[in-house]
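Working notes for the structure below.
Just so it is clear, none of the values below were taken in a lab; they were calculated from the coordinates. Quantities reported herein were computed from a predicted structural model and do not represent experimental measurements. Glycine gets a Cβ as well: all are built from the backbone with ideal geometry, and neighbour counts include every protein chain shown.
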Amino acid sequence: MQGTVKWFSQEKGFGFIVDSDGNDLYFNVQGIKGATLPGNGDVVSYDIGKGKKGPIATSVTIIQKKEVQSRNTYVDSRVTCSKCNRAMVPRVVLKYGSPDYSICPYCGDMYKAFWCFITTTVCNYRGLPDDCYELQTLRRFRDEHLLSTEQGSTLVKNYYDVAPSIAARLINKDDLENTWEKICQCIADIESNQFDEAVVKYSKMVAFLQQRLLSQ
Ligand SMILES: [Zn+2]
C-alpha cells in the first residue's frame, strides 16, 4: 500500500498516514523500516497490521521525501513551553548549517537540543534538563574539539543521519541505562582531557545502538 505521512512526531514516537481513500492510519516508530524517520508529507509504502485499537501501518518505508527545508522537519508544529507554559512553535537555532537547538520564542528557554539526540533522550529519562551538565559538556566537546578536525566533522555529520532514529527507538529501560553508563564514561574521559578516548567510546556507543535498534 502507499500513502502520505499526515504527521509524525519524533517526540511521541507515532503519527498518521493518509491512505489513497483519504483515511487516517496510525503508525508508530517500531513500524518504521530503515534508519530515516518519516516527516510530514513524505510518500511511504506500508503493510497493514493489527494493532490494539485497530489497523496499524507496519513496514513503513519512505518512497519519496517531501521537498522541504529539512530543518523544519525536526520541529513539531506546536508545543507547550515548560517554562512559560505558552503554546509556541520552537525557533530553531542553527550552527554550522545544521539545527543545534530550539528555543521558546516568548521566554527564550531551550526547548530541545538537536545534536545530542541520544544524550538528550537519556538525560530526559534520568530526569535531567536540556541544559544539564552532561549535555553542556558534550556540546562544548563538539564545538571545541570535534568540529576543529575533518575527521571529527565527518563524525558529527554521520551522527546527524542516524541519531534521531536511534533516539526515537530508545525506549527500553535496559538500553537507556546502558547508554547512560556509556555517556558517563565519555564525560569522564572528556573531564580528564582524554579526548580521543571519548570519541572512540561515543562512536562505539552509537554504532552499537545503530546495530541494535535500526537494523531490522
Ligand atoms: Zn517559554
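Among Arg142, Arg169, Arg126, the largest mean-square fluctuation in a Gaussian network model of the chain (Cα springs under 10 Å) belongs to Arg126. Fewest-first ordering of Ile166, Ile63, Ile187 by other beta carbons within 10 Å of each residue's beta carbon gives Ile63, Ile187, Ile166.
From helices alone, the chain scores -11500 deg cm²/dmol at 222 nm; the rule is -39500 (n - 2.57) for each run of n ≥ 4 DSSP H residues, then divide by the residue total. When the chain is treated as a Gaussian network with alpha carbon springs shorter than 10 Å, the biggest mean-square fluctuation among Thr154, Thr36, Thr179 belongs to Thr154. Counting only whole DSSP H helices of the chain, the ones at least 18 Å long by C-alpha along their axis and with mean Kyte-Doolittle hydropathy no lower than -0.5 are 150-169, 195-209.
A Förster radius of 35 Å combined with the Cβ-Cβ distance from Lys53 to Ser215 puts the calculated FRET efficiency at roughly 0.80. Taking a ≥ b ≥ c as the square roots of the eigenvalues of the Cα gyration tensor, an a/c ratio of 1.5 or more together with a/b larger than b/c marks the chain as prolate. When the P(r) is computed for the range 149-216, the part past 19 Å accounts for 35% of the Cα-Cα pairs. Taking other Cβ atoms within 10 Å as a rough exposure proxy, Phe16, Phe141 sort from fewest to most as Phe16, Phe141. For Lys65 and Glu150, the difference between the fully extended length at 0.36 nm per residue and the C-alpha to C-alpha distance is 27.7 nm.
Measuring from each cysteine beta-carbon in the chain, the ones with no other cysteine beta-carbon under 4.7 angstrom are Cys116, Cys123, Cys132, Cys184, Cys186.
Classify the range 2-64: rounded, prolate or oblate, from the alpha-carbon gyration tensor (a ≥ b ≥ c, eigenvalue square roots; a/c under 1.5 rounded; otherwise prolate if a/b is larger than b/c)? Because its axes are fairly even, with a/c under 1.5, the range 2-64 counts as rounded. Distances between placed amide hydrogens fall under 5 Å for Trp7 paired with Phe16, all partners being 5 or more residues away or on another chain. Cβ crowding within 10 Å ranks Ser20, Ser82 as Ser20, Ser82, fewest other Cβ atoms first.
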